[in-house]
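Just below is one structure, and these are the notes that go with it.
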Amino acid sequence: MYGLYAIGFIAACVMALLLTPLVKKFAFWVGAVDAPNHRKVHTRIMPRLGGLAIFLAFVGAYFVVSPALDAVNSDAAFGLLLGGFVIVVTGALDDRFQLSPKWKLLGQLIAACIVVSFGLKIDLVNIPFGETNLPIGWLSIPITILWIVGVSNAINLIDGLDGLSAGVSGIATTTILILALMMGNVTVILLCVILLGSISGFMFFNFHPAKIFMGDSGALFLGFALATLSILGFKQAAVVSLLIPIMILGVPLSDTFFAMLRRYVNKLPISAPDKSHLHHCLLQMGFSHRTSVLIIYGIAAIFGGSAVVCSVFISQDSTWGLIMIIVALFLVMLVGAEAIGIISKSRKPVINFLQKLVGKQVQSDRVGK
């Protein structure tokens, strides 16, 4: 079986390697290009539509390997493939014609509804500090749709540097793959393996200096796939709480959260674009393009590793271990966000509080001596 997984990875990777140069030529031919502006980091016209290569490699590799695996949930896989097709078409149209937000949202909602129609829903929310699952009834459908649309847009928001979205998505996919291997979920293992292969092949052309961008077709598809895989991987796992998929996608979700908080603090519309996302802040601190991407990869890996550790704590009913991991991760995330100025360049309440706390402790130690 592991040999088939390896074949799936290699097939997806090779297909992505072969398809990406063709998609690049197609993007120039149809005019799906990204011109530089004041918010962009790149300085020359770049082809988009890279998501087409990722999606086609993903679909091709699935049909190469899946017939040999009897345990694959074909309904769930087809839900992902069909919904993925809709969201890739939506993203491709935006890459070429710059769709209005309402049309992009409509495409995302249709794709999410397709997934739900194939039976993939968040039916239960596992209580992290209890032993029971909380049924959510009819709320499962809107919560599932909101999750898929939210994650799709979160991946799209961090697509600001060469190889950033692809790499972060690859790390998240690897994390889901590790958890699926721990649970023996054949369908999720296969889909993660071929998605990882598709991303790896595309990364050859997308890492700095990039020869092609994935565009909305790629960022939306990767976000959609990760959101769907997280539902498929954990919906029947009573020991895994809703915290785990949130932690796996910690980088894009936290960047989206901080963007909303930043705009609220600065009294700007929630949808207002800016240059204060995580990757922008790292560049402003003087890090190079490549170094900034590698730093964010490291952060994504920490989130992914924490998710795996937390899943082990949950399975062993180790409540205090879970609490310590969550509190430490949350505190480090807040301090790091304030340190780089992702929320505000001047307001740093958590850091100021910790500095005062340390100062008081030092004074107390001196008095004690």
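The values are calculated or read from the model by the stated rules, or taken from the named source; none is laboratory data. All values derive from a computational prediction rather than experimental measurement. Cβ atoms come from the backbone with ideal geometry, glycine included; neighbour counts cover every protein chain shown. For accessibility, only protein heavy atoms count, side chains too; no ligands or nucleic acids. Shrake-Rupley method; radii C 1.70, N 1.55, O 1.52, S 1.80 Å.
Screening ALA300, ALA272 for residues that are closer than 21 Å to GLY150 by Cα, part of a helix (DSSP H, G or I) and not basic (Lys, Arg) leaves exactly one candidate, ALA300. Each residue in the stretch 152-194 was checked for being open to solvent by less than 30 Å² (accessible area, probe 1.4 Å), of a type in the set (A, V, I, L, M, F, W, C) and out of contact with any Pro (no Cβ under 7 Å at 6 or more places or on another chain), and 16 pass. In the stretch 184-221, which residues are more than 13 Å from LEU17 (Cα to Cα), in contact (Cβ under 8 Å) with a residue 24 or more places away in the chain, more than 18 Å from the chain's Cα centre (by Cα) and part of a loop (DSSP other than H, G, I, E, B)? Of everything in the stretch 184-221, those that are more than 13 Å from LEU17 (Cα to Cα), in contact (Cβ under 8 Å) with a residue 24 or more places away in the chain, more than 18 Å from the chain's Cα centre (by Cα) and part of a loop (DSSP other than H, G, I, E, B) turn out to be ASN185, HIS208, PRO209, ALA210.
Determine whether SER306 is open to solvent by less than 30 Å² (accessible area, probe 1.4 Å) and within 19 Å of ALA180 (Cα to Cα).
Against the criterion (open to solvent by less than 30 Å² (accessible area, probe 1.4 Å) and within 19 Å of ALA180 (Cα to Cα)), SER306 qualifies.
Filtering the stretch 92-110 to residues that are under 24 Å from THR144 (Cβ atoms), basic (Lys, Arg) and in contact with a helix residue (DSSP H, G or I) (Cβ under 7 Å, 6 or more places away or on another chain) leaves only LYS104. Each residue in the stretch 68-88 was checked for being free of Cβ contacts under 8 Å to residues at least 60 places away in the same chain and assigned to a helix (DSSP H, G or I), and 7 of them qualify. Entry remark, the stretch 247-303: residues being small (Gly, Ala, Ser), exposed (fewer than 15 other Cβ atoms within 10 Å of the Cβ) and touching a residue at least 60 places away in the same chain (Cβ under 8 Å) number 1 in total. For the stretch 337-345, the condition of being open to solvent by 50 Å² or more (accessible area, probe 1.4 Å), closer than 15 Å to LEU253 by Cα and free of Cβ contacts under 8 Å to residues at least 12 places away in the same chain holds for none of the residues.
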